[in-house]
Amino acid sequence: MTDRYAVIGNPIGHSKSPRIHALFAAQTGQDISYQAILAETDGFAAAIDAFIASDVDPARGANVTVPFKENAFHLAAQRTPRAEAAGAVNTLSFDHGVILGDNTDGAGLLRDLKHNLGCDPAGRRVLLLGAGGAARGVILPLLLENPSELVIANRTEETAARLALEFARRPACAIDVKPEGTGFSGLAGRTFDLVINATSAGLKGAVLPLPTSLFGSHGLAYDMVYGRDTPFLKQARAAGARTADGLGMLVEQAAEAFFIWRGVRPQTAAIIATLKE
């Protein structure tokens, strides 16, 4: 029988996940099917139930995208530590009637940084912009790499401080929070080896009011948004930094999910190159 998987979201037509997992399956010789499912905004659980119940072939798992990652977190009967830390689930596994929840976003980011971009956060000064779900999903994996510091900056300082305090209790490294007001003026004069934009500004083409001193001449500026040259990336390039978008993270987090489901890890470099073309 062919094991079935899906990605569930709203909207979903833009998703690259079906193509990515089809490429993974062809590369690794896995017999799977993978579809995109549009769920009603209040119908996530019903969409999961329908997917599991439909067809004669077994449903083995699902990826979850916006706006359902928190719904998936609450739906999962069991959750991994990294899903608990993120407060969100993007990968579900169906195991003998039990729904298991995981979050592969942080693992995807770290693998892209270290293996594809040659940027190991260990011992580096790291700045994470944003304090929403995208940021929360990657904080613990970043901390476990032992950067020399991890600064969380957000337009609303209180939100960043609250998030930092939550993770500061975890053994890894000290967290510093330096945003002040909506202008990020508390970052003035600071320089970082790695600046990660986890805000949604790039999706809207919005400019973040960041001081140019943030970007070290040999540093990396990374935007989780993929497929577009965001104002953040343009600003970083103008300051002399190396830049990368989130396409590699997209593929790597998918590869992590594929590994969870199938026990084999795809070779991602060729997949990333194919998608860039």
Select from segment 113-149 the residues that are under 15 Å from the mean Cα position of the chain (by Cα) and in a loop (DSSP other than H, G, I, E, B) and list them in ascending order. Gly130, Ala131, Gly132
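Please go through segment 46-69 and pick out each residue that is surrounded by 15 or more Cβ atoms within 10 Å (Cβ to Cβ) and either free of Cβ contacts under 8 Å to residues at least 40 places away in the same chain or part of a helix (DSSP H, G or I) (or both).
Initial filter on segment 46-69 (surrounded by 15 or more Cβ atoms within 10 Å (Cβ to Cβ)): 47-48, 51-52, 59-65, 68-69.
Matches in segment 46-69: Ala47, Ile48, Phe51, Ile52, Lys69.
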So, Asn90, is that one out of contact with any Leu (no Cβ under 8 Å at 6 or more places or on another chain), surrounded by 18 or more Cβ atoms within 10 Å (Cβ to Cβ) and either at pLDDT 90 or above or not polar (S, T, N, Q) (or both) or not? yes
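Among Ala6, Ala26, Ala22, which is the only one that is crowded, with 18+ Cβ neighbours inside 10 Å and more than 16 Å from the chain's Cα centre (by Cα)?
Ala6
Can you say whether Ala241 is at pLDDT 85 or above, more than 13 Å from Leu127 (Cα to Cα) and either touching a strand residue (DSSP E or B) at 6+ places or on another chain (Cβ under 6 Å) or outside the structural domain of Tyr34 (by TED's automatic domain parsing) (or both), as far as the supplied structure shows?
Here the answer is yes, as Ala241 does meet what is asked.
One line per residue, one yes/no per condition, for (1) modelled with pLDDT of 90 or more; (2) in the same structural domain as Arg19 (by TED's automatic domain parsing):
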{"residue": "Gly183", "(1), (2)": "no, no"}
{"residue": "Tyr226", "(1), (2)": "yes, no"}
{"residue": "Pro231", "(1), (2)": "yes, no"}
{"residue": "Ala269", "(1), (2)": "yes, yes"}
State the number of residues belonging to segment 70-83 that are in contact (Cβ under 8 Å) with a residue 24 or more places away in the chain, outside any helix (DSSP H, G or I) and either within 20 Å of Ala255 (Cβ to Cβ) or touching a Cys at 6+ places or on another chain (Cβ under 8 Å) (or both). 0
When both residues are 6+ apart or on different chains and their Cβ atoms are under 7 Å apart, which pairs have a first residue that lies in segment 143-156 and is on the phi > 0 side of the Ramachandran plot, and a second that is at pLDDT below 90? Asn146/Ala172; Asn146/Cys173
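The values are calculated or read from the model by the stated rules, or taken from the named source; none is laboratory data. Keep in mind that this is a model prediction, so the values were computed, not measured. As a convention, Cβ positions derive from the backbone with ideal geometry for all residues, glycine included, and neighbour counts pool all protein chains shown.
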